[in-house]
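The values are calculated or read from the model by the stated rules, or taken from the named source; none is laboratory data. The structure presented is a predicted model; accordingly, all values stated were derived computationally and were not measured. Virtual Cβ from ideal backbone geometry, glycine too; neighbours counted across all protein chains shown.
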Amino acid sequence: SQKIEQNSEALNIQEGKTATLTCNYTNYSPAYLQWYRQDPGRGPVFLLLIRENEKEKRKERLKVTFDTTLKQSLFHITASQPADSATYLCALDPGGGNKLTFGTGTQLKVEL
Amino acid sequence: EAQVTQNPRYLITVTGKKLTVTCSQNMNHEYMSWYRQDPGLGLRQIYYSMNVEVTDKGDVPEGYKVSRKEKRNFPLILESPSPNQTSLYFCASRLAVSTDTQYFGPGTRLTVL
């Protein structure tokens, strides 16, 4: 069965460092992979989308890589700030427009 | 302001009492969907709609109904709620295709006693 794995343990890093979050998947061939941010009690907010034929995507301090051979995406936040503290979700889309499957998310805590 | 709104935000009800959670978007989006979020299980899709009068089941549709009579509204109906439907519910919408940004509503926390 399809499985999306994100590290369930919280990631604690120091302000200014680069945070790296991992999304692994099995039995899945996504056409697109998305990353979302979710703050407590709020809906997810879209951050980045990367296509299966793209290796890397950047947006300001965010960088996403997508390795379809390893079946893995890495999400990087450079120069992290306490305001980056949140839960980050990855989501896979096979294309066709109707289905998005989410991982359970990784909580990031950026400490001063 | 472009947004997805849900009502109510919080609801406590009893088993078997029919309820409706409303969802509305003001962005003229074609695609709308409902998710539930539970600890350890993440977000799971309940139903989605590609356009008016077009709806289909997601991963966990049992016990839920939806309708899409107008483009902007996509209500979630629980005909006979049960305690296992206690959850945090999110409505989402996007313009059309997979590469369009998906916007989520603020969530509805439902407790069924």
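Keeping to the range A:51-76, report how many residues are within 16 Å of A:G105 (Cβ to Cβ) and either at pLDDT below 95 or of a type in the set (S, T, Y) (or both). Looking only at that region, the number is 1.
More than 11 Å from chain B (Cβ to nearest Cβ), of a type in the set (D, E) and touching a Ser or Thr at 6+ places or on another chain (Cβ under 9 Å) - does that describe any residue in the range A:76-92? No, the conditions are met nowhere in the range A:76-92. Just so you know, in the range A:38-73 the residues that are of a type in the set (S, T, N, Q) and free of Cβ contacts under 8 Å to residues at least 40 places away in the same chain include one that is nearest to the other protein chains (Cβ to nearest Cβ), and it is A:N53. The residues listed here are A:L92, A:L108; of these, the one that is in contact with a strand residue (DSSP E or B) (Cβ under 8 Å, 6 or more places away or on another chain), modelled with pLDDT under 95 and closer than 24 Å to B:L41 by Cβ is A:L92.
Checking each residue in the range B:104-113 for being outside any loop (DSSP other than H, G, I, E, B) and more than 7 Å from every other protein chain (Cβ to nearest Cβ) picks out B:T108, B:R109, B:L110, B:T111, B:V112. Condition (residue is crowded, with 21+ Cβ neighbours inside 10 Å, assigned to a loop (DSSP other than H, G, I, E, B) and within 14 Å of chain A (Cβ to nearest Cβ)) applied to the range B:79-97: is it met by at least one residue? No, every residue in the range B:79-97 fails to be crowded, with 21+ Cβ neighbours inside 10 Å, assigned to a loop (DSSP other than H, G, I, E, B) and within 14 Å of chain A (Cβ to nearest Cβ). Look at (1) in contact with a Cys (Cβ under 7 Å, 6 or more places away or on another chain); (2) within 18 Å of A:K109 (Cβ to Cβ) and you find that A:Q81 fails only one, number (1). In the range A:74-87, the residues that are in a helix (DSSP H, G or I) reach residues that are of a type in the set (D, E, K, R) with C-beta atoms within less than 8 angstrom, at least six apart or across chains, in these pairs: A:P82/A:E15; A:P82/A:E111.
If you filter the range A:4-37 down to residues that are more than 14 Å from A:L100 (Cβ to Cβ) and at the interface with chain B (Cβ under 10 Å from one of its Cβ atoms), you find that the one that is surrounded by the fewest Cβ atoms within 10 Å (Cβ to Cβ) is A:S8. Exactly one of (1) within 14 Å of chain A (Cβ to nearest Cβ); (2) buried (at least 20 other Cβ atoms within 10 Å of the Cβ); (3) not in a strand (DSSP E or B) is unmet by B:Y35. Its number? B:Y35 satisfies every listed condition except (3). Within the range A:8-50, the set of residues being within 19 Å of A:T78 (Cα to Cα), in a loop (DSSP other than H, G, I, E, B) and either modelled with pLDDT under 95 or among the aromatic types (F, W, Y) (or both) comprises A:A10 only.
Please verify whether the range A:71-87 includes one or more residues that are closer than 16 Å to A:N27 by Cα and of a type in the set (D, E). Checking the range A:71-87: not a single residue is closer than 16 Å to A:N27 by Cα and of a type in the set (D, E).
Condition check: part of a strand (DSSP E or B), under 11 Å from the mean Cα position of the chain (by Cα) and modelled with pLDDT of 95 or more. Does B:I12 satisfy that? No, not satisfied.
With respect to the stated conditions, B:T22 fails to be surrounded by 14 or more Cβ atoms within 10 Å (Cβ to Cβ), modelled with pLDDT of 95 or more and over 15 Å from the mean Cα position of the chain (by Cα).
A quick yes/no check of all residues on (1) over 13 Å from the mean Cα position of the chain (by Cα); (2) within 19 Å of B:M27 (Cα to Cα); (3) modelled with pLDDT of 95 or more:
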{"position": "B:I46", "(1), (2), (3)": "no, no, yes"}
{"position": "B:S80", "(1), (2), (3)": "yes, no, yes"}
{"position": "B:P106", "(1), (2), (3)": "no, yes, yes"}
{"position": "B:L113", "(1), (2), (3)": "yes, no, yes"}
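The set of residues from the range B:78-113 being farther than 23 Å from A:K99 by Cα and of a type in the set (G, A, S) comprises B:S80, B:S82.
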